[in-house]
Each structure stands twice: as C-alpha cells, then as structure tokens.
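Colleague: Take this structure first; my questions come after.
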Amino acid sequence: MKPSLSLFIMVDACGWEIIKNDPFLQEIAPHRHKLESVFGYSSTCVPSIVSGHWPDEHRNWCYFVHSPETSPFKFLSWLKWLPKAVTSRRIFRRWLTKLAKKKLGFKGYFDLYNIPFEHIDRFDFTEKKSPLQPKGMNRGTNIFDTLQEKEVPHFVSDPNQSEEANRDALAAHIEASDIDFAFMYWAGLDGLLHRVGNDSPEVPAKLRVYEEWIHYLYDLASKSYEEVNLYVFSDHGMANCDVHLDLKSVIETLPLTFGKDYAVVYDSTMARFWFFNDEVRQKITAALQTVPQGRIMPEAELKELRVHFEDHQFGELIFLVQEGVLIVPSHMGERPIRAMHGYHPHDAHSYASLLTNRPELTSEVTHIPHIHRLMEDSIEQQSSSYESHVCHRSAFTLAA
C-alpha cells in the first residue's frame, strides 16, 4: 500500500448555512469548520483557494472590466444589429460563448453572459487562463504550480467534463494507486441553488448524492493507501433572492450616456462604475445614495476586504446590494434566479465550510485562502511520509 493520499474535494456553494444542521459526511469527515469567504464571486473565490492569496494580490476578481484598448471582443460588435429577442436568449449566448472561447483561446471559465453587444467592444475579460492549471493565475502562483514543481503525482478535475466523469476518472487513478494528491471540483450544487434556492428539498437530496460519491472514493482509497486525508470544502454559500432591483433603470434616468460619460458592469449583486469626469461621478453617486437596497462601498472597507485596486481596473466605485437582493436585469442575466452569492463576506449566507477527518486543524484556518495552506502542508507531509516509508522498506529488506 502507498503511504497516503490527500483528497481535496470542493463542492461549489456548499455554504455553512446549508450544512451546519445537515448530517453531511459526519461519519468520515466529522470535524467541521465555518470559513469566511472573500468578497466576490467564484471568479474570486477559486483563485483565492488555489493560490492562498487575496484578490488584491492575485488580481482575479470580477470577470468583465471596462478597457476599450484591450478588448478582445471587437469582432462581436456587428451583433448589435440583431434583434435583442435573439441576442438575449440564453441558448444563443451559450452557443456564441463556445465559439468566442475557441477563437480567443481562453483556457479558464468563460461566459458572455448578458453583456450588451452595442458596448461589448469596451470590455475585457480577466480570466483568460485557468486557475486550475499551472501558470493559471493573473499574478503569482497556485497549488498546481507547486505540484508540478515538486513532481507530485496528482489528479485535477476537468471543468469541461461532467461531475460523474470526473468522479470516475479520479476513482480510476485511486484504484491504480498512481496519485498522491487530488483536487476535485464539483459545481452542480451551485447551479441547483441558483435555480431552486436553499430551502428546496432538492438541496439535501443533492448532498446525499455527493455523500455517496465521497464515501465511495474514500473507501476505494482506503484499500490502496495506508492513510487518506480528506478535506471537503466550499468557496461560498448562497442566499435566497426575495427582492429584485432594477438598478439599470435608476442610472439610465440620468442625463448621461454610457460610453461617453461613464461605463458600468451590472453584476448580480454589485455594480462597478468608471467615470469620465467628476460631474458624472457626482451625479451617479447622488443617484446611488437614494437606493435603499444597497450602499456604496467605502475605500477603507474595500482595502479591509482586500479588493481595493489602485489602478481601478475593476471599477472606481463599487455599489453592493444587501443580502437577498438581486440586480435584475443585469449584465449577468435578463431574468431573475432564485438564489445568488457575491454578497458581503460577513452576511450570514456568504460563509463557506470545511469538513475533514483531520482533527488537528488549528484556529488559523479561518478564511478560504487558508485552504491553500492545508494543501501545501499535505504535500510536505506526504514527502516526509514517503521518505519514511522508503527507509522502512529498505531497512526491512536489509534485515531480511
């Protein structure tokens, strides 16, 4: 048997509020921890987990930014002449997203979402590389760089494959005992929660499915490895959206023109503005201060949350809505969804979770970037365990 296997399994959106009263994995991962997430979406959370750095360090924050000079989307501008009844359809956007991703050579997650084609040549996309691969960060390194550098045999799930296909691929590697480290990423719960909300009976049913899969992988590993270190974690939680805010209409009542006076990205829970003169800044700021469902984020708070960027790449002003409010329509979608994430990290449903069979975790593991420490520690421990295992076998052979 091989000395040990470290299994890191990320269940997207499996927040603390979702599992705290659920028996999810209590038998094989009884030690539970509530983790603070980072301010942002999965575009922020996943890079923070795999790098151990904060958004202001790795610069993987929000996907779309105003940058006409570097926009790769100019070839899509002609689509503004098509009727919105066509271009706003999700099936059309998905088809076009696949074509654009292939043409542009993007390696990470990519979606055109609901960015209007009349303005698409003003925007750039910030995740051109995959954070789940070596050299995949906008700045700095990640755990996959470490695995490659140390030549650790490992498995990383493929986002282009189904959850079941990734499960079976990992199972094959475990059965062959040819890996020492695994990073699995399952995104199905996130999609389900967006659709049905966190109170639906479909949620615990989905947890039972994951539970069965993880038990299967854990039992399989226990047959081939002397020790199995299991870590099941999430990137954020999910809040039900009971209030819809048409922020776009509030701004468009002002005597201002998009592209001439200002630019904005309407995300699902925040709006990020760029201003072309101080008068425009004052008008939009005054308008936002009349919206009770959200607030302008102070610079000091953005710095505290590690999402302040001196060059204003991601926006000069950030307007964040309250938990449970959904900006709709937005550049993420025309229609409401049942639940969303991306609220303030201190909101109840923003907290992530960590479940493990390792009882020795210290109080230092409090935020999702700290999961990277656990991954690095497991790699170091495996190296020591492997050396000890080889020495033991050598001594046994000599004695024989």
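Colleague: Tell me yes or no: at least one residue of the range 75-88 is under 22 Å from the mean Cα position of the chain (by Cα), modelled with pLDDT of 95 or more and farther than 26 Å from residue 207 by Cβ. Working first, answer last.
Modeller: Taking the range 75-88 as the starting set, the residues that turn out to be under 22 Å from the mean Cα position of the chain (by Cα) are none.
No, the range 75-88 contains no residue that is under 22 Å from the mean Cα position of the chain (by Cα), modelled with pLDDT of 95 or more and farther than 26 Å from residue 207 by Cβ.
Colleague: Still on this model: Condition first: acidic (Asp, Glu), in contact (Cβ under 8 Å) with a residue 40 or more places away in the chain and open to solvent by less than 40 Å² (accessible area, probe 1.4 Å). Now tell me which residues in the range 115-148 satisfy that.
Modeller: The answer is 124, 127.
Colleague: Here's a follow-up. If you go through the range 102-114, how many residues are farther than 23 Å from residue 49 by Cβ and either crowded, with 16+ Cβ neighbours inside 10 Å or in contact with a strand residue (DSSP E or B) (Cβ under 6 Å, 6 or more places away or on another chain) (or both)? Give the steps one after another, and end with the answer.
Modeller: Within the range 102-114, the first condition is being farther than 23 Å from residue 49 by Cβ, and the residues that meet it are 102-105, 112, 114.
Now restrict to residues that are either crowded, with 16+ Cβ neighbours inside 10 Å or in contact with a strand residue (DSSP E or B) (Cβ under 6 Å, 6 or more places away or on another chain) (or both): 112, 114.
The qualifying residues number 2.
Colleague: Can you name the condition, by its number, that residue 290 falls short on among (1) part of a loop (DSSP other than H, G, I, E, B); (2) closer than 19 Å to residue 64 by Cβ; (3) not charged (D, E, K, R)?
Modeller: Going through the list (1) part of a loop (DSSP other than H, G, I, E, B); (2) closer than 19 Å to residue 64 by Cβ; (3) not charged (D, E, K, R), residue 290 breaks only (2).
Colleague: Can you list the helices (runs of 4 or more DSSP H) found entirely within the range 34-106 that contain at least 3 residues being farther than 24 Å from residue 342 by Cα and not β-branched (Val, Ile, Thr)?
Modeller: Qualifying helices (runs of 4 or more DSSP H): 90-104.
Colleague: Taking residue 254, is it in a helix (DSSP H, G or I) and either surrounded by 15 or more Cβ atoms within 10 Å (Cβ to Cβ) or of a type outside the set (Asp, Glu) (or both)?
Modeller: It is false that residue 254 is in a helix (DSSP H, G or I) and either surrounded by 15 or more Cβ atoms within 10 Å (Cβ to Cβ) or of a type outside the set (Asp, Glu) (or both).
Colleague: Considering only the range 174-199, state which residues are among the small types (Gly, Ala, Ser) and in contact (Cβ under 8 Å) with a residue 12 or more places away in the chain.
Modeller: If the condition is that a residue be among the small types (Gly, Ala, Ser) and in contact (Cβ under 8 Å) with a residue 12 or more places away in the chain, then 177, 182, 187, 188, 197 are the ones that fit.
Colleague: Which residues, taken from the range 68-90, are of a type in the set (Val, Ile, Thr) and open to solvent by less than 70 Å² (accessible area, probe 1.4 Å)?
Modeller: Hits for the range 68-90 are 86, 87.
Colleague: Could you please find all residues in the range 213-251 being assigned to a strand (DSSP E or B), of a type outside the set (A, V, I, L, M, F, W, C) and either farther than 30 Å from residue 335 by Cα or open to solvent by less than 10 Å² (accessible area, probe 1.4 Å) (or both)?
Modeller: Hits for the range 213-251 are 225, 226, 227, 229, 231.
Colleague: Restricting the search to the range 321-349, which residues are out of contact with any helix residue (DSSP H, G or I) (no Cβ under 9 Å at 6 or more places or on another chain) and either surrounded by fewer than 18 Cβ atoms within 10 Å (Cβ to Cβ) or closer than 20 Å to residue 54 by Cα (or both)?
Modeller: 322, 336, 345, 346, 347
Colleague: Hey, among the residues in the range 183-202 that are of a type in the set (D, E, K, R) and assigned to a helix (DSSP H, G or I), which one's least open to solvent (accessible area, probe 1.4 Å)?
Modeller: To start, the set of residues in the range 183-202 that are of a type in the set (D, E, K, R) comprises 190, 195, 199, 202.
Those still in the list that are assigned to a helix (DSSP H, G or I) too: 190, 195, 202.
On the way: 190: 22, 195: 151, 202: 81 Å².
The qualifying residue least open to solvent (accessible area, probe 1.4 Å) is 190.
Colleague: Out of 65, 38, which single residue is crowded, with 17+ Cβ neighbours inside 10 Å, of a type in the set (Val, Ile, Thr) and in contact with a strand residue (DSSP E or B) (Cβ under 6 Å, 6 or more places away or on another chain)? First the steps, then the outcome.
Modeller: Working: 38 fails: in contact with a strand residue (DSSP E or B) (Cβ under 6 Å, 6 or more places away or on another chain).
Within the list 65, 38, the selection yields 65.
Colleague: Exactly one of these conditions fails for residue 310: (1) crowded, with 17+ Cβ neighbours inside 10 Å; (2) of a type outside the set (Val, Ile, Thr); (3) part of a loop (DSSP other than H, G, I, E, B). Give me its number.
Modeller: (1)
Colleague: Continuing with this model, one more query. Tally time: how many residues in the range 156-182 are of a type outside the set (S, T, N, Q), open to solvent by less than 40 Å² (accessible area, probe 1.4 Å) and in a loop (DSSP other than H, G, I, E, B)?
Modeller: Count: 2.
Colleague: Scan (1) over 29 Å from residue 353 (Cα atoms); (2) crowded, with 22+ Cβ neighbours inside 10 Å for the single condition residue 261 breaks and write down its number.
Modeller: Condition not satisfied by residue 261: (2).
The values are calculated or read from the model by the stated rules, or taken from the named source; none is laboratory data. Given the structure is predicted, the values throughout are model-derived calculations rather than measurements. Glycine also receives a Cβ, built like all others from the backbone with ideal geometry; neighbour counts cover every protein chain displayed. With ligands, DNA and RNA removed, areas are computed over all heavy atoms of the protein, side chains included. Shrake-Rupley method; radii C 1.70, N 1.55, O 1.52, S 1.80 Å.
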